[in-house]
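Below: one structure, written as structure tokens.
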Amino acid sequence: MTSRLDGPLKVTGRATYGADNNFPGMAHGYVVLSTIAHGEIEAMDVTAAKSAPGVLAVYSPFDPLALRAPTSSLLGETWVPMQDRNVAYYGQPIGFVVAETYEQARDAAMLVEVSYRALPALTSLRDGLATAEDAPPAMDGSPPSLSVLADGVESIEDALAASPVVVEATYATAGQNHAAMEPHSAVAVWDSGVLTVYSGTQGADLQAADVASALREEPASVHSVNPFVGGAFGGKGKTSIPTFLAAAAARALDRPVKTALSREQVFTATANRPATVQAISLGAERNGTLNAIRHDSWSATPMDRSFVEPTSHGTSREWYSTRNLAISQKMVPLNIPPTTFMRAPGEAPGSFALESAIDELAVALDLDPIELRQRNNSAAPPGRDLQWSSKHLDECFRVGAARFGWSERTPQGRTDGDWLVGLGTATAMFPAMRFPATVGITLHDDDTAEVATSGADPGTGLLTVLSLVGGESLDIAPEKVTPRLGDSSFPAGGMSGGSTATASAGSAIMVAAPRVIDDLLALASSPGAPFEGAEVSYADGRVLGGGASMTFGEVLHAVGRPSITATGSSAAGEEMTKHSFSSFGAQFCEVRVHRWTREVRVSRMLGVFDAGRIINAQAARSQIMGGMIWGVSAALHEGLETEANGRTANGDLASYLVPVNADIPDVDVHFVEHPDTLHNDLGARGLGEIGTVGMAAAVANAVHNATGIRVRHIPIMIEDLLPE
Amino acid sequence: MRQFELSAPETVDDALASPGAFLAGGTTLVDLMKLDVMTPHRVLDINALPLRGIDTQDGLRIGALERMSDVAAHPGIYPVISRALLQSASQQLRNMASIGGNLLQRTRCSYFRDVAMPCNKREPGSGCSAITGANRMHAVLGTSDACVATHASDLAVALIALDAQVRLVGSDGTRTVALADFYRLPGATPEVENDLRPGELVAEVVVPRLDWAAHSTYVKVRDRQSYEFALCSAAVALDVRDGRVVDARVAVGGVASVPWRLRTVEAALRGSPATQASFEAAAEAAAEGARPLSDNAFKVSLMKRTVVRALLELTEGSRA
Ligand SMILES: Cc1cc2nc3c(=O)[nH]c(=O)nc-3n(C[C@H](O)[C@H](O)[C@H](O)COP(=O)(O)OP(=O)(O)OC[C@H]3O[C@@H](n4cnc5c(N)ncnc54)[C@H](O)[C@@H]3O)c2cc1C
């Protein structure tokens, strides 16, 4: 099994993350945050801070660093601090102190006195439901509300009314913070008119463009470097506040500047997954055939309405075969920190609601929940002609049920001593996509190759994938391939997000490799070259022709070329007009709930996935495990709490709980491998995010099986399960 | 963290002679200094002081500087104590943290820990943010209109159940105080948490001999399985003979302003059969006088259930 190339560096502390870079004369910045949720900054007294030891500069809305909000086609506008005096949420960056040391900057920041003119703040999603607005169109351009109705059916209400069995319920999911191990941070260095920013990001070329735009510099004069990223999960898609501030301050002060958010600051000065409320109605025939699905969603969004969690579009739009479907997405603007993508945006919280509702329907029909799902298995998304390219969800459930011992489940669960034991399951789906990516392949005269793209490996294993797919495409051992990532000077790799990187970069490698091999062969048979005039071919890292063979390094040597390079690009293409694409999975989980004190403990979990071809079994398994653990976390532990005044009540890792080892049993992951070459030549579909999808519902469904209590919100707490 | 001066006295007399904040394991002190909640100008590292030793000859005597992990692992420690310790914090913290420091740890109330928020305990008279704020983790017993924070030590709950005392050393000499009297209810002065005088050291914890405390346990209910403070915990010891409870000790944590002894529950248990029915009946008195807040009413029922669970586990054997 191939292990991770960057594993040894990471576990021995030798991987250099953004903030690990140090330069002579480097100054340190500390961000000042607001302590009201809505209002205007009337004054900021920075006198004491300015005269504190070591302080070099104190920036504020009254004396700001010059920054402009950059816009990208993928992520829209990115807000930059201090350009006006408005406060729209508690914990908003409103100032920046730069000093000789980190401690001096932090101590001085505590001396900044802010006076506000406070305005009423709206901070509760529940209170804001009444003033919800239509969400903007979804990522794919579809309108916020849409329906697919069978011929002769007037409305979804009619379809539900005509259904013999109907379940209706409202579900809620809490906001979440990405809580990546590496806090958002940056080191910015100007050298001869070129700015280098060392900062963890999901896309070096995008970050370089953002920073150039924010500083009004030429794109060519900004270089972004992030060979390692300490976790991102969507939270490092947009360029972060420390990156803008360090870059601007480094220019203003003519010194390298380092800035890192504290863990507490990460909770408000970055962006979170928004909380949601979702109302679902399912109408079915007595045999379980779905007649109608209605899924109405409300997502919290910050006052700038910059991101909405697309829970209806991410799930009910595509998951089941149904004659009638109506979905809607609304947003509730609140005085809360920014929101953004987080692992399986839409699908993760959406699947909690939809897959809980399906479980409720199974109970209402007295049908096995797997049986119910299989009866409504779709060949294509409702109302669409394009069939799934390769769907083996049935097999996932079949294999999973056998592996997990599902047949021993009873509708009432069972008891084991003082523990109530229940089993739950859920479907997982995540769209298979490709983002535009370009990869450069260089063959060197020492018989090694280099595969480079500016994209990122935030722990996903992309670095290793580059060497594996590179080796395969060049017909050489992967050890001969040096993969390179995380540098905006490499061919534009776009963003590592949307579970697309392996399919996108991998496909681009498969375009670049034949090109560089063609170039090599042309070179080998060119006048004066070893195979001049011969019929040449390539295999096993060697050029063959006229009965002779040479390695590519030997050929390059012979012609006096140290290396040759070719690039290849890939993007979503023609295939999108022929099929629908998704990865699929079946989640299983067993929980134990204490009879007296009602703690929920997950005792077993299994995920079986159909994600096309698996390139690196170890990395794939790790991704899925991580995702499943995220799902347990969302189900039982994690949830941002916003107080009435907009303060995040649990904005640190002491009170924002994530599972510890003791909470996680062995995690069983299994793949049914069916390469999907209709999606891309590699046959691989994304599997970064699907691991978390459905898991929270599987936990909640298992809790219901164990206790008979249906909890329709996550995280599920002890008090939800205490009988009166 | 503000600048401070660090010294390391080698004798108790030297430590008592110089004012400053005592540093043992530092897992509370340094944490709160980083948050700007505690801002001592002088810090005295007391780790060289001879406040060590675990003696199990006649009851227990535990030096204030003994580490939580060492005490938990020591043979002859009553189970309720070692279980309380082993369910506290993490192994890394237990290796660092001292027994004296544990008893003096500050509350985990998130408003106490955030200097941007009013808190009567941190800044007397500034107000209590928790009463109207996020108070799920807070206390329902022993609270006042000025403070609803819990005392977060698990060890203290076990010790209170066992009638433990602390030996204190000050410049005026040595005194011994029952732990039950040592902790102060918040009342109107939540900033005063205990009976310790300025400059006084906790030298030793003394637990009177109680042979049937070999039959004791600690149940801790929390939002994850490890590395988290109690929503509710129960320390219980039972003397059961011929199916009847002869004597009982019961205390609860995570629900009260100070480690909370349940003497009425103990009285109800005494003389009753060791059965689930009588445990449930006795536990009814557990939450007497409880004043639930907006987010923590569930602690009233959870407290009774935790007590019942602990009593059952003790009489029926652990049923993991
Ligand atoms: C992440 C985390 C999780 C935790 N979880 C738990 C838990 O689950 N259960 C639990 O019970 N505790 C928990 N704790 C608290 C931990 O047990 C205490 O921080 C620790 O016991 C304090 O001991 P220390 O030696 O480090 O104290 P210090 O930090 O050194 O001191 C604490 C206080 O006591 C004073 N002090 C120390 N020793 C003496 C002495 N001999 N005489 C007089 N004054 C003294 C200090 O001046 C200071 O004010 C947790 C702490 C952390 C950081």
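For this structure, a couple of remarks:
- Burial ordering of A:S72, B:S171, A:S582, fewest other beta-carbon atoms within 10 Å first: B:S171, A:S72, A:S582
- Screening chain B for whole DSSP H helices of 15 Å or more along their axis (Cα) with average Kyte-Doolittle hydropathy at least 0.0 returns B:298-316.
- Extension reserve of the A:S145-A:S569 stretch, reckoned as 0.36 nm per residue once the Cα distance is removed: 149.1 nm
- Relative contact order [Cα under 8 Å, 6+ residues apart], chain A, whole percent: 16 percent
- Taking other residues whose beta carbon is less than 12 angstrom from the beta carbon of A:R14, and scoring Lys, Arg as +1 and Asp, Glu as -1, yields -1.
- Peptide packing for A:169-177, A:391-399, A:342-350 was compared via the average number of neighbouring C-beta atoms within 10 Å per residue; ordered from the highest value, the list is A:342-350, A:169-177, A:391-399.
- Of the residues A:M26, A:M605, the one with the fewest other Cβ atoms within 10 Å heads the list, and the complete ranking is A:M26, A:M605.
- Counted by neighbouring Cβ atoms within 10 Å, the residues B:E280, A:E450 run from fewest to most as B:E280, A:E450.
- Highest mean packing first, where packing is the average number of other Cβ atoms within 10 Å per residue, the peptides B:247-257, B:49-59, B:262-272, A:181-191 line up as B:247-257, A:181-191, B:262-272, B:49-59.
- Rounded, prolate or oblate (a/c below 1.5 giving rounded, otherwise prolate when a/b exceeds b/c) for chain A by Cα gyration tensor: oblate
- Averaged over A:223-230, number of beta-carbon atoms from partner chains that fall within 10 Å: 0
- Environment charge of A:R601, counting only residues whose C-beta is closer than 9 Å and scoring Lys/Arg +1, Asp/Glu -1: -1
- Restricting the trypsin sites (Lys or Arg not before Pro) of region A:196-286 to loop positions (DSSP other than H, G, I, E, B) with no more than 11 neighbouring Cβ atoms within 10 Å leaves A:R216, A:R286.
- Structure-based [θ]222 nm, the protein assembly as shown - -39500 (n - 2.57) summed over DSSP H runs of at least 4, per residue, nearest 500: -7000 deg cm²/dmol
- Vicinal HN-Hα couplings computed from phi for region A:260-265 (Karplus, 6.51 cos²θ - 1.76 cosθ + 1.60; Hz; Gly/Pro x): 10, 6, 6, 4, 4, 5
- Counting, for every residue in A:597-603, the Cβ atoms of other protein chains within 10 Å of its Cβ and taking the mean gives 4.
- Rounded to whole Hz, the Karplus (6.51, -1.76, 1.60) HN-Hα couplings of region B:132-148, x for glycine and proline: 10, x, 7, 10, 4, 7, 7, 7, 10, 10, x, 7, 9, 6, 9, 6, 10
- Of the DSSP H helices in chain A, those that are both long (alpha-carbon extent of 24 Å or more along the helix axis) and hydrophobic (Kyte-Doolittle mean at least -0.5) are A:347-365, A:501-524, A:617-636.
- Charged side chains reduced to their Cβ positions (Lys and Arg at +1, Asp and Glu at -1) give region B:13-81 a dipole of some 120 debye around its Cα centre.
- 10 Å Cβ neighbours from other chains, averaged over peptide B:222-233: 5
- Ranked packing of A:54-61, A:372-379, most packed first, by mean Cβ within 10 Å: A:54-61, A:372-379
- Partner aspartates and glutamates for B:K299 [C-alpha distance under 17 Å; skip if fewer than 8 residues away on the same chain]: A:E599, A:E719, A:D720, A:E724, B:D154, B:D223, B:E228, B:E280, B:E284, B:E288
Throughout, read-outs are computed from the coordinates displayed, never taken from laboratory work. As the structure is a computational prediction, the values presented were derived from the model and not from experiment. Ideal geometry is used to build each Cβ from the backbone, glycine not excepted, and the neighbour counts take in all protein chains shown.
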